[in-house]
Structure formats: structure tokens, C-alpha cells
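Following: one structure in C-alpha cells, then a few remarks.
The values are calculated or read from the model by the stated rules, or taken from the named source; none is laboratory data. Since the structure is predicted, the reported quantities are computational estimates derived from the model, not experimental observations. With ideal geometry, Cβ positions are generated from the backbone for all residues, glycine too; neighbour counts draw on all protein chains shown. The area values use the complete protein model at the heavy-atom level, side chains included, leaving out ligands, DNA and RNA. Shrake-Rupley method; radii C 1.70, N 1.55, O 1.52, S 1.80 Å.
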Amino acid sequence: FRHILKSNLQCMDEILTYSISVFTGFFAIMNPVSNIPIFISLTEGASKAEKQKVNKKAVLVAFIIIAIFVMVGKFIFELFGITIPAFKITGGILIFFVGFEMLQSKRSNVKHLKEPNFDENIAVSPLAIPILAGPGTIVTAMNFVSNASYVNIGLVILIFGLMCALTYVAFSLSDFIARKLGNNVISVIGKIMGLIIAIIGTTMVIQGLKLTFDFLA
């Protein structure tokens, strides 16, 4: 009985650790708070009802995209002959540069429209893709399931769903949050998230090198 209890506790501890790691990774790469100014800029001139419609559509599309990549990730690996070490190294480099650009306060032109012209299609692009479900998010998601069990795959989808819900709430309260925090605080949060993302990317590269070269392990 003690052996079974110890085994179950160890399993729960591993699941909890894995879940925290997944949540931290998604939170850093998506960062609902720092995306608020982007949402406000893209929906400038829209009514409250239109903003909510765009908000719902954007998070739903982002969830569907990442869920698909998570579920067929292993099939994609097998289809294209992608090895886990190669994926971790390449994905880690990509994520590192995403974080590095955030630390440098660099944003792609698609995220800062000089003359925003409201269109509900922005819910799909650029809001869902690539702002919420961009390359960094996809790579992060696939990294968590590159060698995972079905339980872990389910956890990743569930946690990403939670992140989408948090993003939906953040966008719904975007005007209020922006007034209370101010652009400076939001910018600082973005830089902190950028540092975390860069560290995650570096960790992925190290993991990939360890798998490739046994002497590093």
C-alpha cells in the first residue's frame, strides 16, 4: 500500500511540475497583459460589441490552431523525419530570438499599425495569427509534446485553453487595465516575459545538445 501511495504521489508531483512548466512557457510567450496595447490599437474605432466579437473569434482561432499542432505534432515529426534534438535546438534558437526582441522592445510592423482601419477579419490575422498563435507559441507547444504521453498532451491543450481564457479576460478589460497600469508598467512586464522566453529557448537548445552529444549529459 505504501509503495502504491508513494508511486501515486510521485506521479502527481511530476504532473504538477510539468503543468507549471507548461503554464509558465505559454504565459511568457503569449503574455496577455503586454498584448493589450496591440488589441486596443487594432480595434480602435470599433464598438464594444465589435471588440467582444473580435476577442472571442481571435482566442477561439488561436486555441484551434495550437490544439491541432499539439495533437498531430508527433505525426508531423514522423512525416518529415524531424528528430527531437533537431527540433529542440532549432525551436530553442527561434524562441530565444523572440524573447531577445521583446527585451529590446522590438515589435513587428504588423503589431503596430500607424493608421488602424477596423476590420473584423483582424481577429484571424494578425490577432490570432501571429500575435496569439505565432511561431513562438507553436514551437513552445510542440516542444512540450515532442516526447510526451497522451496525458501530457491533454494537459498542454487544457493549459493552453486556460491561457486563451485569460487572454479573453485581459482583452475584455483592456481599456480598464491600460488606464490602471499605464504603458510603462506594461512595457516592463513585456521585458520580464522576454527574459523568461529567452531562458526557455536557451534551455531547449541545451536539451537538444544533450540528446545529440551524450558527453554533455
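Qualifying chymotrypsin sites (Phe, Trp or Tyr not before Pro) in segment 155-217, where qualification requires a DSSP coil assignment and no more than 12 other C-beta atoms within 10 Å, comprise F213. Nonpolar atom fraction for the chain, defined as the carbon and sulfur part of the 1.4 Å probe accessible area, stands at 67 percent. Pairs of Lys residues in the chain that lie 8 or more places apart, or on two chains, and have C-alpha atoms under 16 angstrom apart add up to 6.
On a per residue basis, the chain carries 57 Å² of accessible surface, using protein heavy atoms and a 1.4 Å probe.
Two tests apply to each whole DSSP H helix in the chain, Cα reach of 15 Å or more along its axis and mean Kyte-Doolittle hydropathy of at least -0.5, and the ones passing both are 2-30, 48-80, 84-103, 150-172, 174-212.
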